[in-house]
Every structure is written in structure tokens, then in C-alpha cells.
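Please treat every number below as a calculation from the coordinates, not as lab data. Keep in mind that what you see is a predicted model, and the values were worked out from it rather than measured. Note: ideal-geometry Cβ built from the backbone for every residue, glycine included; neighbour counts use all protein chains shown.
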Amino acid sequence: MYPLSHFILVATLIALVAAVPHPPYLSIPLRRRGSLTTVDGAFDLDRALAHLAFSESKISSGLRALGPKSDTPTVHPTRRDTGSVPLTDGGNVLWYGTISVGTPAVDFLVDFDTGSADLVIPGSNCGSTCSGHTLYNPSASSTGVDLGETFMLSYGDGSTIQGEQFTDTVVVAGYTATNQTLGAATQYSSSLQSPNFPADGLMGMAFRSLSIYGADPVIQTLINNNVISDPVFAFKLASSSSELRIGGVNSALYSGSFTYTPVTQQGFWQINGDAISTNRNAIISPFTAIVDTGTTLILGDLDTVGPFYNSLNATDLGNGFYTMGCDSMPSVSIIIGGKAFSLSPTTFNLGTYPAGSSQCVGAIASTGSLGSIMILGDTFLQNVYTVCDMGQSRVGFADLL
């Protein structure tokens with residue numbers, strides 16, 4: 001029999017452990033995958049065209065899903081800790097980090113995508129198209145529930161993602177989303193197959209009205225579960241120290257104050273911008289754009305992008321891309337909320353084309369499928385620290401340290 005002092009000590013230790021707060025600023029790295037520039041500094045046209053087609057199809061699908069202005073999510077601001085997901089650089093195309101799904105938990109690498117709203121991971125019934133990826137087996141999870149619903153996403157290259165819907169427990173940045181709707185793919189599109197796509201799946205971070213499941217995205221579920229500090233998430237996308245922070249911002253990664261601009265229509269993170277300038281001359285103004293971590297480039301229609309490059313005497317390469325002399329690449333700024341954010345030369349210059357020539361490709365490309373809406377992808381986002389505020393329906397940008 002143990003002495004009374006033993007039980008007092010054990011009880012004291014348990015009380016002390018229970019009193020320890022949730023650790024602030026949990027980090028999950030984000031990595032980048034793919035690159036539109038080869039190792040010898042040349043522009044990879046084939047990869048760029050494939051990525052452009054994927055981004056166009058994803059955004060077009062979302063625009064069709066929105067239709068007339070849809071319902072908006074309800075958020076409940078609270079004050080708790082924040083959590084961070086370090087982001088991994090897999091080479092300039094998409095950003096991915098680790099989440100866990102199910103009970104017991106299984107880790108998955110997912111692309112964190114502000115241009116979509118749903119969580120999609122490869123299911124155990126997926127065939128060769130999911131080979132090389134970690135598979136989700138709902139029958140092995142005590143918290144997995146079959147919703148008896150299917151889903152399908154079609155892309156411009158003719159490929160599809162299709163599968164079944166479930167709810168399960170999802171943990172991201174140390175926070176738990178219970179009864180989270182997700183898609184277990186039974187077929188992956190070519191763009192998501194290994195080794196082209198090192199992540200296992202996609203985690204959408206847009207608003208519920210964009211969901212093809214008609215369900216809350218993971219971030220909204222965390223807000224509904226009252227487990228994150230504020231209904232916001234923020235990210236740094238750069239060559240080092242990239243991270244996704246949920247429930248707050250990381251003040252160690254930016255300087256000055258945020259410049260906020262309201263979301264003009266909930267669905268995407270859609271905002272209005274003042275202008276896009278080259279060499280301090282406003283060429284595109286004003287403009288409407290979607291903030292999309294899942295797109296590498298800045299995209300716009302030909303009527304918008306054409307005059308931009310005409311002002312630079314650029315050469316139309318075709319397929320939406322333009323070249324200029326590598327030694328005369330312009331100084332480009334995106335002006336939002338009255339503040340100019342400059343693009344670094346390395347993010348605007350996609351490399352030489354043809355390889356080894358003196359001509360370089362610009363990272364603003366034209367597309368014919370998105371109408372007048374522009375896409376602000378990583379070409380812009382790698383130059384700023386970004387916060388998406390679901391509570392106040394706004395996006396903020398600050399200068400990186």
C-alpha cells in the first residue's frame with residue numbers, strides 16, 4: 001500500500017500538468033513543390049502551361065459553384081492560443097505541410113490552398129492514380145463516418161478527381177476539428193499523381209460558399225468549435241522560414257502595420273486593388289483579384305495583361321506568357337489600400353526562354369477563362385506577409401522582415 005504522501009504528490013503533478021496552457025505559436029513548416037524555372041535558370045514552358053490549366057480550372061470551378069452570391073459563414077471570435085504550420089518549399093508551385101486525420105491519427109501532407117474550400121485526400125479504395133501517396137482508410141478510424149455522398153471535380157485537361165465524402169477528426173497546427181467533412185478520392189487527376197505532386201492532398205481555406213460538399217472548410221470548423229484564438233490565419237511564403245499560422249499572426253515575420261482591404265464577395269478571398277504599376281507608372285487600375293496560395297503566377301485576362309506588357313515593349317510568347325530582355329526587367333508593384341508592395345526581381349522573372357537566351361519570361365500571365373477577375377498568386381504573396389480575417393471579412397498585407 002502506498003503512503004498518503006504518494007497520492008498527494010501524484011495529484012499535485014496531475015494538477016500542474018492540467019494547468020499548463022496550450023503552447024502558443026505551434027509550428028508546422030510549409031514546403032513548396034515544383035518550379036517553373038529549371039535548375040539552369042530556364043523557363044519551363046510545359047510545366048507552366050500545366051500549372052496554368054490547373055489553376056484556371058480550379059478557379060473556374062469555384063466561380064461556377066458560387067453562382068449568385070451565396071451564404072456566408074458565421075464566425076465567433078474568441079481569445080485563445082494560436083498555432084503555426086511550417087510550410088515546405090518544394091519549388092515554387094504549391095505550398096504544403098502536415099495535418100493528421102482519423103483516430104488513431106494518420107499524417108498527410110496537404111497543399112494549403114486559399115483558392116478552394118474542401119479537404120481532399122487519397123482514399124484506400126483509390127487505384128494506381130493514388131500510388132505513392134498516403135491513403136486514408138475510414139474503416140480504420142474509430143471517428144470516421146461515411147456520409148453516403150460522392151463528389152467529382154473536373155479539370156480543363158479532361159482529368160478528374162472523384163471519390164466519397166466522410167466526416168472525421170482532423171488536426172492542424174495542434175488544433176482539432178471534429179466531424180470535419182472531407183473527400184476520400186477514389187481517382188486522382190493527373191496533376192495530383194505522384195511524383196508530379198509530392199503532397200498527398202489539398203486543404204482548401206476559402207469560405208464555405210465555395211465548398212463542393214456544401215460543408216464547412218477546416219478553418220471554419222475550428223472557429224465553430226471555438227478552439228482558435230481569433231477567426232484568422234496568416235502565412236509567409238518565402239525561400240525560408242515559411243509557415244501557416246492559425247488563430248493569429250507571427251509578429252516576428254513582418255514589419256510595420258497591416259494594410260487591410262475588405263473581401264468584396266465571400267467565397268474566394270476576393271478583394272479590390274488600386275493598381276499594378278511598372279517603373280512607377282500605373283498600368284492596370286483598378287482591379288479585382290482573388291488571393292490564391294494555390295497559384296504560382298499573377299493571372300489576368302488578355303485585355304488587362306496585354307496593355308501591361310505593351311507598355312514594356314514585351315514579346316508575346318503565346319499561351320499567355322511574354323518575354324523581355326533579361327537586363328531590362330521592370331520594377332513592378334501591386335498597390336492595395338493605398339500602399340505599394342514591390343515584387344522582387346526573382347519572383348517576377350521566371351527565367352530565360354529559349355534556354356540560354358537573353359530573353360526572360362514575366363510572371364504575370366494572361367488567361368481567357370476568368371473574365372475580368374485577376375489572381376494574385378505566389379508571385380505576389382512571396383513578397384508580403386498575409387493575414388486572412390474571416391471574422392471581419394478582410395485581407396491584410398504587411399512587409400516581410
### Task
Along Cα→Cβ, 7 Å out, is where each label goes; now give me the distance between the ones at residue 152 and residue 369 in nm to one decimal.
1.7 nm
### Query
What FRET efficiency comes out for the pair residue 355/residue 100, r = Cβ-Cβ distance, R0 = 30 Å, nearest 0.05?
0.10
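So if we plug the beta-carbon distance of residue 125 and residue 190 into 1/(1 + (r/R0)^6) with R0 = 22 Å, what FRET efficiency do we get, rounded to 0.05?
E(calc), rounded to 0.05, equals 0.70.
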### Task
May I ask you to work out the translational diffusion coefficient for segment 207-277 at 10 °C, viscosity 1.306 mPa s, via Stokes-Einstein with Rh from the Kirkwood sum over Cα pairs, reported in whole µm²/s?
110 µm²/s
### Query
How many nm separate the modelled label positions at residue 65 and residue 251, each set 7 Å beyond the Cα in the direction of the Cβ?
3.6 nm
### Task
Within the set of other residues whose C-beta is less than 11 Å from the C-beta of residue 161, count the net charge using Lys and Arg as +1 and Asp and Glu as -1.
0
### Message
Roughly how far apart, in whole Å, are the Cα centres of segment 248-278 and segment 35-66?
### Response
23 Å
### Task
Largest first and in whole Å, give the semi-axes of segment 251-327's equivalent ellipsoid, each being the square root of 5 times a Cα gyration tensor eigenvalue.
26, 17, 14
### Förster-model FRET efficiency, 25 Å R0, residue 328 and residue 240, C-beta, rounded to 0.05
0.30
### Message
Which residues does the label zone of residue 260 cover in segment 232-246, counting backbone N under 18 Å from a point 7 Å along Cα→Cβ?
### Response
232-235, 246
### Query
Using every alpha carbon pair in segment 275-315, what percent of pairs falls into each 5 Å bin from 0 up to the bin containing the largest distance?
5, 20, 29, 26, 15, 5
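Provide Rg over Rh for segment 126-189; use the alpha carbon set for both Rg and the Kirkwood Rh (inverse mean inverse pair distance).
A ratio of 1.01.
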### Query
So what is the orientation-averaged projected area of segment 168-318, using the convex hull of its C-alpha atoms, in nm²?
12.5 nm²
### Relative packing of 272-282, 109-119, which averages over residues the other C-beta atoms within 10 Å, highest first
109-119, 272-282
### Query
Based on Cα positions only, what radius of gyration and what Dmax would you give for segment 261-401, in angstroms?
14.7, 49
### Summary
Taking every alpha carbon pair in segment 89-215 and sorting the distances into 10 angstrom bins from 0 up to the bin holding the longest one, the percent per bin comes out as 13, 49, 34, 3
